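Trainee: Right, I'll just put the structure down here and ask away after.
The values are calculated or read from the model by the stated rules, or taken from the named source; none is laboratory data. From a predicted model like this one, the values you see are computed outputs, not experimental measurements. Reconstructed Cβ throughout: ideal geometry from the backbone, glycine too, with neighbour counts over all protein chains shown.
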Amino acid sequence: SQQGEEDPQALSIQEGENATMNCSYKTSINNLQWYRQNSGRGLVHLILIRSNEREKHSGRLRVTLDTSKKSSSLLITASRAADTASYFCATDRRAAGNKLTFGGGTRVLVKP
Amino acid sequence: ETGVTQSPTHLIKTRGQQVTLRCSSQSGHNTVSWYQQALGQGPQFIFQYYREEENGRGNFPPRFSGLQFPNYSSELNVNALELDDSALYLCASRPTSGGTDTQYFGPGTRLTVL
């Protein structure tokens, strides 16, 4: 079963616009990670946010975490065509041996 | 570049056959995990190895098995292949020291079962 569920499932935006995607999960977590995947290839780690953190930034990425609502959001600012990819959230529960539980992903298309 | 490599890139097998997929991790990454990703879905955890022993398993039958070697390489073996085993198989490694929980994924092996 999947712990995280992303919303929306797909997103189409123009270059320069911001892209926001959300992730909800069901149980307590140690940390939540966001990954990008291009064309069914390997996963690229974007950012990790721990359960005691509320917001993190990395370049054009901003991630928030609300443990009371069991939700996270990923914001990509000033999107570029190269940001076209699938984005996955994954939860890490230390009680589960640090295995990652992924959601179904958000497919983002950035049109030039 | 994650420093994790997988081979082969693509593989075609027929139902009932056996397959071995390989992964090579970074030096010092004592934990390796394998994931199965069906088309259009998120990756699903298969199992995890730490210092050559399985220490966690997802909801996969025993015909999925693995090995981890001291040289930071590992294998995923699948016996009696079924059509539903067609997927992208990803390995991920993680150092067990240094305080990081980040997992580093390889590029994957695309398995097609006919």
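Trainee: Please count how many residues of the range A:73-112 are within 17 Å of the chain's Cα centre (by Cα), of a type in the set (G, A, S) and closer than 20 Å to A:S51 by Cβ.
Mentor: The total comes to 3.
Trainee: Please go through the range B:32-67 and give me each residue that is at pLDDT below 90 and of a type in the set (S, T, N, Q), ordered by number.
Mentor: Matches in the range B:32-67: B:N55 only.
Trainee: Scan the range B:1-27 for residues that are modelled with pLDDT under 90, surrounded by 12 or more Cβ atoms within 10 Å (Cβ to Cβ) and more than 12 Å from chain A (Cβ to nearest Cβ) and jot them down. Explain how you work it out, then say what you get.
Mentor: Of all residues in the range B:1-27, those modelled with pLDDT under 90 come to B:1-3, B:26-27.
Filter again for surrounded by 12 or more Cβ atoms within 10 Å (Cβ to Cβ), leaving B:2-3, B:26.
B:Q26, the sole residue that qualifies.
Trainee: May I pose another question? Picking from B:N71, B:N55, B:N77, which residue would you name as being over 30 Å from A:A85 (Cβ atoms), assigned to a strand (DSSP E or B) and more than 12 Å from the chain's Cα centre (by Cα)?
Mentor: Working: B:N71 fails: assigned to a strand (DSSP E or B); B:N77 fails: more than 12 Å from the chain's Cα centre (by Cα).
Of the residues listed, the single one that is over 30 Å from A:A85 (Cβ atoms), assigned to a strand (DSSP E or B) and more than 12 Å from the chain's Cα centre (by Cα) is B:N55.
Trainee: Let me ask you something else. Quick check on my filter: what residues within the range B:80-111 are part of a strand (DSSP E or B), farther than 23 Å from B:P62 by Cβ and more than 10 Å from chain A (Cβ to nearest Cβ)?
Mentor: The one that is part of a strand (DSSP E or B), farther than 23 Å from B:P62 by Cβ and more than 10 Å from chain A (Cβ to nearest Cβ): B:S93.
Trainee: A further question follows. Considering only residues that are free of Cβ contacts under 8 Å to residues at least 40 places away in the same chain and facing another protein chain (nearest Cβ under 9 Å), look in the range A:67-112 and name the one that is farthest from B:V32 (Cα to Cα).
Mentor: Restricting to residues being free of Cβ contacts under 8 Å to residues at least 40 places away in the same chain and facing another protein chain (nearest Cβ under 9 Å), the top hit is A:A96.
Trainee: Collect the residues in the range B:1-46 that are polar (S, T, N, Q) and outside any loop (DSSP other than H, G, I, E, B), keeping them in residue-number order. Walk me through it before giving the result.
Mentor: Of the range B:1-46, the ones polar (S, T, N, Q) are B:2, B:5-7, B:9, B:14, B:17-18, B:20, B:24-27, B:30-31, B:33, B:36-37, B:41, B:44.
B:T5, B:Q6, B:S7, B:T20, B:S24, B:T31, B:S33, B:Q36, B:Q37, B:Q44, listed by residue number.
Trainee: Given the condition outside any strand (DSSP E or B) and at pLDDT below 95, answer yes or no: does some residue in the range A:53-64 qualify?
Mentor: To start, the set of residues in the range A:53-64 that are outside any strand (DSSP E or B) comprises A:53-54, A:59-60.
This time we only want the ones that are at pLDDT below 95, so: none.
No, there is no match, as no residue in the range A:53-64 is outside any strand (DSSP E or B) and at pLDDT below 95.
Results for (1) closer than 18 Å to B:W34 by Cα; (2) outside any strand (DSSP E or B); (3) in contact with a Gly (Cβ under 8 Å, 6 or more places away or on another chain), shown as yes or no for each residue.
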site	(1), (2), (3)
A:E6	no, no, yes
A:L11	no, no, no
A:G16	no, yes, no
A:T20	no, no, no
A:C23	no, no, yes
A:S28	no, yes, no
A:Q33	yes, no, no
A:V44	yes, no, no
A:I47	no, no, no
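Trainee: Further question: I'd like the full set of residues that are among the hydrophobic types (A, V, I, L, M, F, W, C) and more than 11 Å from chain B (Cβ to nearest Cβ), limited to the range A:38-66. Full working, then the answer.
Mentor: Initial filter on the range A:38-66 (among the hydrophobic types (A, V, I, L, M, F, W, C)): A:43-44, A:46-49, A:61, A:63, A:65.
Matches in the range A:38-66: A:L61, A:V63, A:L65.
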